[in-house]
Amino acid sequence: MKPRIAVLGCGYWGSNHIRTLKALGALHAVSDANRARAEGFASEQDCLAIEPDKLFERTDIDAIVMALPPQFHADTAVRAVESGKDVLVEKPIALTVADAERAVKAAKDNGRVFMVGHVLRFHPAFETLKALIDNGELGEVRYIHSHRLGLGKFHTENDALWDLAPHDLSMILAITGTEPIEVRGEGAALLDNLSDFAHLHMRFPNGLRSHLFASRLNPYRERRLTVVGTKAMAVFDDVEPWERKLAVYRHAVWQDSGQWAFTANEPSYVPVGEGMPLTRELAHFMQCIETRAEPRTDGEEAIRVLRILTAGTVIHAGSSA
């Protein structure tokens with residue numbers, strides 16, 4: 001039997017989880033503080049609508065997907081795992097490292113699966129990029145930079161860095177295999193006291209450096225991860241169509257008679273199998289529930305991401321953060 005999963009939080013991203021789990025045959029219930037909203041989805045998707053406080057005591061629910069405002073994630077996750085439920089918690093899993101560690105420890109103490117919604121780790125283009133790196137196609141990776149820019153969304157509790165950067169940090173950590181030893185953040189707040197523009201500069205133990213730029217107040221969308229290696233460079237551009245999402249540039253740079261020379265080659269586009277990252281993520285969650293395997297994006301990874309976010313956060317005058 002497929003696991004019986006409930007979605008807690010029927011907002012924008014929660015609604016995507018609801019529809020995807022329904023297509024996967026694992027949606028059992030929906031829940032939201034707004035009962036009318038939950039009942040609307042329950043009617044639409046032919047599943048149960050359960051009040052949040054009653055969700056945890058139900059014996060007919062195996063797991064809960066949590067798509068709540070991040071300040072509620074940790075306490076709710078602890079309650080869920082202590083009630084015997086496996087959990088997938090959307091990013092960020094908490095607003096402090098201590099809360100994240102508390103939730104992850106509770107899951108381990110209770111033998112529950114704890115997964116975090118770093119959905120781009122399940123993007124076919126990123127999986128292909130990671131395989132290229134692991135196979136040595138790019139040589140030694142020396143630099144990684146990511147740009148995640150657009151207009152919105154605007155939150156009252158978390159800034160552009162906390163809202164947009166977790167996906168990119170998850171990918172960067174997957175590539176480097178280690179945490180940075182130095183993190184420096186810069187931010188600019190235009191609308192209120194939270195950063196609308198955020199930069200992260202990171203240095204890793206092997207000398208690799210990385211830069212991340214996130215903005216929620218940008219006139220155009222950009223979703224680009226660039227990896228610079230000693231043999232080649234690769235770009236994962238999620239704005240491009242599928243046939244152009246992953247490009248490899250085999251540029252060459254060398255010294256000739258004391259002068260630098262280089263050749264710039266046209267990109268070669270790497271074939272990527274199409275697939276919705278959220279569908280692949282939830283299918284992985286279901287598999288972990290069934291096999292009790294550790295998720296690819298587990299709680300420990302989420303804690304590492306939160307450490308970087310915390311170290312790189314800029315507190316602006318007047319902010320309550």
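The values are calculated or read from the model by the stated rules, or taken from the named source; none is laboratory data. Computed from a predicted structure; not experimentally measured. All Cβ positions, even for glycine, are placed from backbone atoms using ideal geometry, and neighbour counts span all protein chains on display. Accessible surface is based on the protein model in full, side chains and every heavy atom, while ligands, DNA and RNA are left aside. Shrake-Rupley method; radii C 1.70, N 1.55, O 1.52, S 1.80 Å.
Yes/no per residue for (1) over 21 Å from the mean Cα position of the chain (by Cα); (2) modelled with pLDDT under 95; (3) basic (Lys, Arg); (4) closer than 23 Å to residue 38 by Cα:
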{"position": "71", "(1), (2), (3), (4)": "no, yes, no, yes"}
{"position": "105", "(1), (2), (3), (4)": "no, no, yes, no"}
{"position": "119", "(1), (2), (3), (4)": "no, no, no, no"}
{"position": "123", "(1), (2), (3), (4)": "no, no, no, no"}
{"position": "133", "(1), (2), (3), (4)": "no, no, no, no"}
{"position": "141", "(1), (2), (3), (4)": "yes, no, no, no"}
{"position": "158", "(1), (2), (3), (4)": "no, yes, no, no"}
**Message:** If I filter the range 12-32 down to residues being open to solvent by 30 Å² or more (accessible area, probe 1.4 Å) and over 15 Å from residue 88 (Cβ atoms), which single residue comes out as modelled with the lowest pLDDT?
**Reply:** 12
**Message:** If I ask for residues that are under 30 Å from residue 196 (Cβ atoms) and either polar (S, T, N, Q) or touching a Phe, Trp or Tyr at 6+ places or on another chain (Cβ under 7 Å) (or both), which ones from the range 125-148 would you list?
**Reply:** 125, 126, 129, 146, 147
**Complete:** Note on the range 170-192: residues farther than 10 Å from residue 308 by Cα and not β-branched (Val, Ile, Thr) are 170, 171, 173, 174, 177, 186, 187, 188, 189, 190, 191, 192
**Item:** Of all residues making up the range 119-153, the number that are closer than 23 Å to residue 65 by Cβ, open to solvent by 20 Å² or more (accessible area, probe 1.4 Å) and assigned to a helix (DSSP H, G or I)
**Value:** 2
**Asked** So which of 279, 313, 263, 291 is open to solvent by less than 50 Å² (accessible area, probe 1.4 Å) and hydroxyl-bearing (Ser, Thr, Tyr)?
**Response** 313
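With the structure loaded, tell me whether residue 226 is touching a residue at least 60 places away in the same chain (Cβ under 8 Å), β-branched (Val, Ile, Thr) and open to solvent by less than 20 Å² (accessible area, probe 1.4 Å) or whether it fails that test.
Details: touching a residue at least 60 places away in the same chain (Cβ under 8 Å): yes; β-branched (Val, Ile, Thr): yes; open to solvent by less than 20 Å² (accessible area, probe 1.4 Å): yes.
Yes.
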**Message:** What's the total number of residues in the range 154-209 that are of a type in the set (D, E, K, R) and crowded, with 20+ Cβ neighbours inside 10 Å?
**Reply:** 3
**Request:** Scan the range 80-96 residue by residue and report those that are surrounded by 18 or more Cβ atoms within 10 Å (Cβ to Cβ) and not acidic (Asp, Glu).
**Result:** 80, 81, 85, 87, 88, 89, 91, 92, 93, 94, 95
